[in-house]
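Data first, discussion second: the structure below is written as structure tokens.
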Amino acid sequence: MEKERGFNFSRISKKKIFNIIFFILFIMLDFKIIMNINMESINLKQAFIILFENVLALVVLLRNENADKKNTFIIRIINVFSVFASPFGAMVLGQLIVGDGTWGLYPEYICINLILYMCVYIILFMIIKKAHITICLYFMLVSVLALTNYFVNMFRGTAFVLMDINSVGTALEVVGNYRFEISTAICLCLFATLIFLLYQIDFQTLDVTLLGINSGWLRCVIVLGIVIGLYCGKNFFEAEDLYMWAINGEYINKGYLYKLLNEFKYLEVQKPEGYSIEKVDESISELVGDKNIGTKNMLTTPKNLIVIMNESLADFGEFSNYIASEDVLSYIHSLNGNARKGFLYVPSFGGGTSDTEYEVLTGNSKEFMPVGSNAYQLYCKRLQYGLANTLKEQNYTTIAIHPYYANGWNRPQVYSKMQFDEFITLENWGEEINNIREYASDRSAYNKIKHIAENKDDENLFIFCVTMQNHGGYDENSANGFKTSVSLSYSAEYPMAETYLSLEKESDAAFKELVEYFESVDEPTMLVMYGDHWPSLEEGFFWALFEKDVNTLNWKEVQQEHRTPYIIWTNYTLDSENEDMSSNYFGSYILEQAGLELTEYNRALLSMKEKIPIIGTGAICDSMGKWYKMDELPKEYEELVNCYKIVQYNNVFDRKNRVDSVFDLN
């Protein structure tokens, strides 16, 4: 006689009823703890108390149910519950890691995120078939994906985006200089997950056949149906706006997995409205107008043009709540004669050096490229018109210097396409480099500049130098004997910020020595220095600067995090002036101040700068200082921006039909 399948509820003992009630109360208590505890302030003692409570409850259940038998009633209940609750559990885990222990998912976004987690889970389950393997692999994938965002956000101050995958190689070069730390709240989440997975490995016996899905063809149909459903829902996922200037807040409030899918719409390059080859020349004419920019320049032309992109150079002195023991950029601030100064609005924060570098060297704006894309990795496969190419056509020897490994950000290939004659790095430096911490000092980089200038023939010289001294991280593990000389006066201590400011002080002193050297050089020389982005420091330090939680900055306040100082100094007469602009204009501005010939693209950019001097992060600022969101532009500015997009699209993406005469002097 065939044994009766299923549960006979009339035979449930009082012990089983007790266990069921205890299990339900235990789950409710855990859920309440996860949702309501102030995880930001949880300490190690609290974490282990809660962890102990979880483990103790599980031991009580299993021992009370004679847990050495894997088919007991309570274990079957837990197993079934685990299989169906795993998508929700994984969603909670992912959100807690992304939020550093805090739960911020808006209620209206819970359903769509849960559906996405269920889709991924079901696909894995249909392929793997065994519940315990599926659940373990599923939770590990979610943990790795969420921790990737956590560490990227920690190291560079901005969240992980899909396009970051292209920059893995460069990240691995410097990751050894960062300190990996996980908050107590996330440790608690991972410990609880580990206990759950250990249970699955030891006790979980379910597979897809017990759910009535015996046919391999049926499993294939289910997987295919989910994939087709997700693809058909592509427009739904891409419909919602994505605020990249606050992307980690988007992940926390609207769901990490949902917003990652939302980013796919930015992977595809869209043609600007009205784009055509004929429209390129029309757009250039419209941008330049009737202005004679660059055609009547009587400025002195430098024999030596030296441009320095200083790693993580920022100027916090503009904040009223910045309280440091001294002015770390005192020399740069003191330069008034023959100097132009101001702030650049750059596309990066805490990392992404090559984005700012690309804007300065080409005049193209990262704002009009796929979000998170890296131009050096993706779009520099052919001749790159820009600063180096334009100077080379005016008989300058073009040299790039970087006192670190050459292959970061694909620079050897990119610099070749940009028409640099030589690229000097650690591999071919030639003389000894003095390090501060783990990186070459600014003095070492500037000594190489002096050496090249002293040993050149009579040719015109263009040097583009990317420094390394101030690169993150800034904790004691990377100090390597470096002693801080600058202190802050806040109620809390910020040792990373103090280390960074002490490094900036060294940069200021090194730049002073470089200026003093070229003051005695007879050849006309222009020195340009600017910062590539802000450093990634303690969040509390930035809270102190802004006098508010930096995670709550609005779209206009975020622009402040993208301001870096620049200075242009000459050893000959130059009108002093302060002017702010975005970094996409800066290369053309340098050429103009050097009295050099400009391409039509340079002239168009300089003309546009007079009306829209700043193209920020998801916004612009006009010449009157008024900011506008990019999707709320007045018609006049919308037309100008679209003209810029058309010209840039032709330059970067329309490879077969590029109008070379716009970007090239010849």
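Full extension of the chain between residue 573 and residue 300 gives 97.5 nm of extra length, using 0.36 nm per residue less the Cα-Cα distance. Stretching residue 127 away from residue 205 to a fully extended chain increases their span by 26.4 nm, per 0.36 nm per residue minus the current alpha-carbon distance. Sequence-ordered 3J(HN,Hα) estimates for the range 533-543 from the Karplus curve with 6.51, -1.76 and 1.60 and θ = phi - 60° stand at 5, 6, x, 9, 10, 4, 4, x, 5, 5, 4 Hz, glycine and proline given as x.
The packing ranking of peptides 544-553, 409-418, 141-150, highest mean first, is 409-418, 141-150, 544-553, where packing means the average number of other beta carbon atoms within 10 angstrom of each residue.
The residue 451 and residue 597 beta-carbon pair, evaluated with R₀ = 30 Å, returns a calculated FRET efficiency of approximately 0.55.
Charge tally for residue 613 (other residues, Cβ to Cβ under 11 Å; Lys, Arg +1; Asp, Glu -1): -2.
Across the range 369-478, Cα-Cα pairs more than 17 Å apart make up 60 percent of the total. How large is the translational diffusion coefficient of the range 505-606 in µm² per second when you combine the Kirkwood radius over alpha carbon pairs with Stokes-Einstein at 4 °C and 1.567 mPa s? The calculation lands on 78 µm²/s. D by Stokes-Einstein for the range 407-465, Kirkwood Rh over Cα pairs, 10 °C, 1.306 mPa s: 122 µm²/s.
A viscosity of 0.692 mPa s and a temperature of 37 °C, combined with the Kirkwood radius over Cα pairs in Stokes-Einstein, give a translational diffusion coefficient for the range 545-601 of 228 µm²/s. Among the GluC sites (Glu not before Pro) in the range 493-532, those located in a DSSP loop and surrounded by at most 16 other Cβ atoms within 10 Å of their own Cβ are 493. Orientation-averaged projection of the range 449-579 equals 10.9 nm² [convex hull of Cα atoms, one quarter of hull surface area].
Taking label positions 7 Å along the Cα-Cβ direction at both residue 434 and residue 382, the computed distance is 4.7 nm, reported to one decimal.
With the Cα gyration tensor of the range 525-666 giving a ≥ b ≥ c as the square roots of its eigenvalues, does the rule (a/c under 1.5 for rounded; else a/b larger than b/c for prolate; else oblate) give rounded, prolate or oblate? Oblate is the answer for the range 525-666, as a/c is 1.5 or above yet b/c matches or exceeds a/b. A straight chain from residue 278 to residue 226 at 0.36 nm per residue would run longer than the Cα-Cα distance by 14.3 nm. Quickly work out the residue 475-to-residue 547 label distance, labels modelled 7 Å from Cα along the C-beta direction, and quote it in nm with one decimal. Calculated label separation equals 3.2 nm.
Just round it to a whole percent: the fraction of Cα-Cα distances in the range 443-506 exceeding 15 Å. Here the long-distance tail beyond 15 Å is 61 percent of all Cα pairs in the range 443-506.
Each listed q (0.13, 0.20 Å⁻¹) maps to a log10 I(q)/I(0) for the range 266-422 from the Debye sum over equal C-alpha point scatterers, namely -0.89, -1.48. Spin-label model, residue 240/residue 626: points 7 Å from Cα along the beta carbon direction are separated by 3.2 nm.
Reducing the range 481-517 and the range 359-416 to their Cα centroids gives an inter-centroid distance of 30 Å. Could you work out the percent of alpha carbon pairs in the range 295-589 separated by over 29 Å, rounded to a whole number? Tail of the P(r) past 29 Å holds 33 percent of the pairs.
Computed from the coordinates by the stated procedures, all read-outs in this text should not be read as laboratory data. Everything numeric here is computed off the predicted structure, so don't read it as measured data. Heads up, the Cβs are rebuilt from the backbone with ideal geometry, glycines too, and the neighbour counts pull from every protein chain shown.
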